1. How many residues are part of a loop (DSSP other than H, G, I, E, B) and surrounded by 12 or more Cβ atoms within 10 Å (Cβ to Cβ) when one looks only at the range A:243-282?
2. Search the range B:193-210 for residues being of a type in the set (A, V, I, L, M, F, W, C) and surrounded by fewer than 18 Cβ atoms within 10 Å (Cβ to Cβ), and hand back the single one that is nearest to B:E124 (Cα to Cα).
3. Would it be correct to say that A:E85 is more than 21 Å from B:K20 (Cβ to Cβ), without any contact (Cβ under 8 Å) to a residue 60 or more places away in the chain, within 12 Å of another protein chain (Cβ to nearest Cβ) and assigned to a helix (DSSP H, G or I)?
4. Which one of these is assigned to a helix (DSSP H, G or I), surrounded by 15 or more Cβ atoms within 10 Å (Cβ to Cβ) and away from chain B (no Cβ under 14 Å): A:N55, A:N34?
5. Report, ordered by the first and then the second residue, all pairs with beta carbons closer than 9 Å, sequence separation of six or more or different chains, a first member in the range A:90-102 that is more than 7 Å from chain B (Cβ to nearest Cβ), and a second member that is hydroxyl-bearing (S, T, Y) and part of a helix (DSSP H, G or I).
6. Can you find even one residue in the range A:166-179 that is more than 14 Å from every other protein chain (Cβ to nearest Cβ), over 18 Å from A:T270 (Cβ atoms), surrounded by fewer than 18 Cβ atoms within 10 Å (Cβ to Cβ) and of a type in the set (D, E, K, R)?
7. If B:E228 passes every condition in (1) surrounded by fewer than 16 Cβ atoms within 10 Å (Cβ to Cβ); (2) not in a strand (DSSP E or B) but one, which one does it miss?
8. Take the residues in the range B:80-92 that are crowded, with 21+ Cβ neighbours inside 10 Å and either touching a Ser or Thr at 6+ places or on another chain (Cβ under 6 Å) or among the aliphatic types (A, V, I, L, M) (or both), then tell me which one is modelled with the highest pLDDT.
Amino acid sequence: MHRILLATLLLLLSSGVHAQSHDSATGQLNAWQNYTLIGGAIVLLGVGIIIYRSNKAKALANKELAEQKRVIEQALEEKEALLKEIHHRVKNNLQLVSSLLQLQSKKFKDPEIIKAMEEGQGRVKSMAIIHEMLYQNENIINIPFKSYLQSLVQNINISFGESANDIKVTMEVPDVAFNVDTAIPLGLIMNELIYNCFKYAFDEKQQGHVNISLKDRGADSYVLNIVDNGKGLPDDFEQRKSKSLGLRLVTMLSKQLEGELAFESSEKGTSINIWFKHQEDH
Amino acid sequence: MDKLKVLIVEDEFIIAESLKDIVEDLGYEVVGMAIRAEEAIELLEAEQPDLAILDITLKGEKDGIWLAEQIKANHKIPYIFLSSHGDQSTVQRAVKTKPYGYLMKPFQKADIYTAISLALSNYENERNQTPAEIAEETSNIIIKNSIFIKDGHLFVKLPFHTVLFVKADGNYLEIHTDSKRRLIKSSLKEFIKKLPQHIFMQAHRSYVVNVEKVESFGATVLNINQHEIPISANYKDELVAKLMTL
């Protein structure tokens, strides 16, 4: 751009000088022509300077923009690295909590206490899986519920060892993702209910089947159903509900999710419904 | 009774200690605990563990993945990674070392039990390398100079030098040691392939003997620790030639 202007300017000036030396008879016309040429040249020069300056300003602005972009990108990278570091720390600390429970249980011989410590570790794990998913997924805010459930069930399966071999778990869960405020209480609820199913619902040697389904009821509300073909709830279930930590957790966490909880039981099995709301982000 | 020896490499003491409790609770022996990779290398030499559990993040310059590469190259024992890293780049680096197991923190007793069993099976399958021979569940595993056989939920260690002879009985094998007789489900033909041939030789269609344990031998029988074992014509020449050199 600058070069074209400069070339035009030079051409105009040189043609003006040339015209002057050419013919004196047509001097006036020539002089007039010369003024025009020189005037034109000055105008062009002015325009050139303006364009040059604005280009220079633009280049400067571009440079600044690029620099800003670099700073933002770097900040973003740092943010992601920090988030990963935090999830790593959270999981390590959850491991510490789990390890402390493990170490403490060594002191006891009573199998019931040892079992309680193991259950405590299971709860810690159900929370850890959420951090694991947050950490692995690109979408760092929401937890895909179906894959969460799959990990949770797998974990409970492992903790029951070979006695869980005859229990089949199926799922009818759509692709939904919940935020942490919803996923943590929901995960703990699911942990307790599935754990209870594995522990109490079936007689030995029975082919157990557990089905978990989730339905979207619109307006951010959902209903979750866990049904098994086991022996049903015991007669003193209402009493147990207020005593067992697992069931107390289920009751209080349903409330936290602004939800409701219903147990139905017969000799053909148990069905549990939880209506709940996806919690707003804090 | 010999136990499977486990090395724990973890720089967080509480976690290492709880891991030790779990491993011992399962019936195995913890022969060393290290918080640095270099320290672990020394323990690998001194204690000769049969399996290692490695945290990926360690104190010092070298990490658990470096350590795994060293184990693979120099010690040839199964190892399990233990990590709270779930991100792709770490996992990929770890996977490159072809680990025998990968445990995510937080772990519980059941996770460790499953991981050890799986690691031993994976190790045995890698050693055999012919996929056709991979059994669904491995009942016997050879690590260095020992056989590990499953006894209920526990892998029991039988160092080669404690094995007197092996006798085939239908679908089972009787492994006779100094103190005990143990049963495993396997065919003698498959089992003998895994054993070092300079120590274990066939004496009869149904017998494999540890040649170093033979106390006396004649034309048709040999004696090991008050057991009389038949020698059949097929195996006689090779076996006697070997026994003569001892």
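1. The number of residues fulfilling the criteria is 7.
2. For the range B:193-210, the residue satisfying everything is B:L195.
3. Numbers: more than 21 Å from B:K20 (Cβ to Cβ): yes; without any contact (Cβ under 8 Å) to a residue 60 or more places away in the chain: yes; within 12 Å of another protein chain (Cβ to nearest Cβ): yes; assigned to a helix (DSSP H, G or I): yes.
Here the answer is yes, as A:E85 does meet what is asked.
4. The conditions single out A:N34.
5. A:V90/A:Y135; A:L101/B:S18
6. Among the residues of the range A:166-179, at least one is more than 14 Å from every other protein chain (Cβ to nearest Cβ), over 18 Å from A:T270 (Cβ atoms), surrounded by fewer than 18 Cβ atoms within 10 Å (Cβ to Cβ) and of a type in the set (D, E, K, R), which makes the answer yes.
7. For B:E228, the exception is condition (2).
8. Per the stated criteria, the residue is B:I80.
The values are calculated or read from the model by the stated rules, or taken from the named source; none is laboratory data. Keep in mind that what you see is a predicted model, and the values were worked out from it rather than measured. A quick note on method: Cβ atoms are made from the backbone with ideal geometry, for glycine too, and the neighbour counts reach across all protein chains shown.
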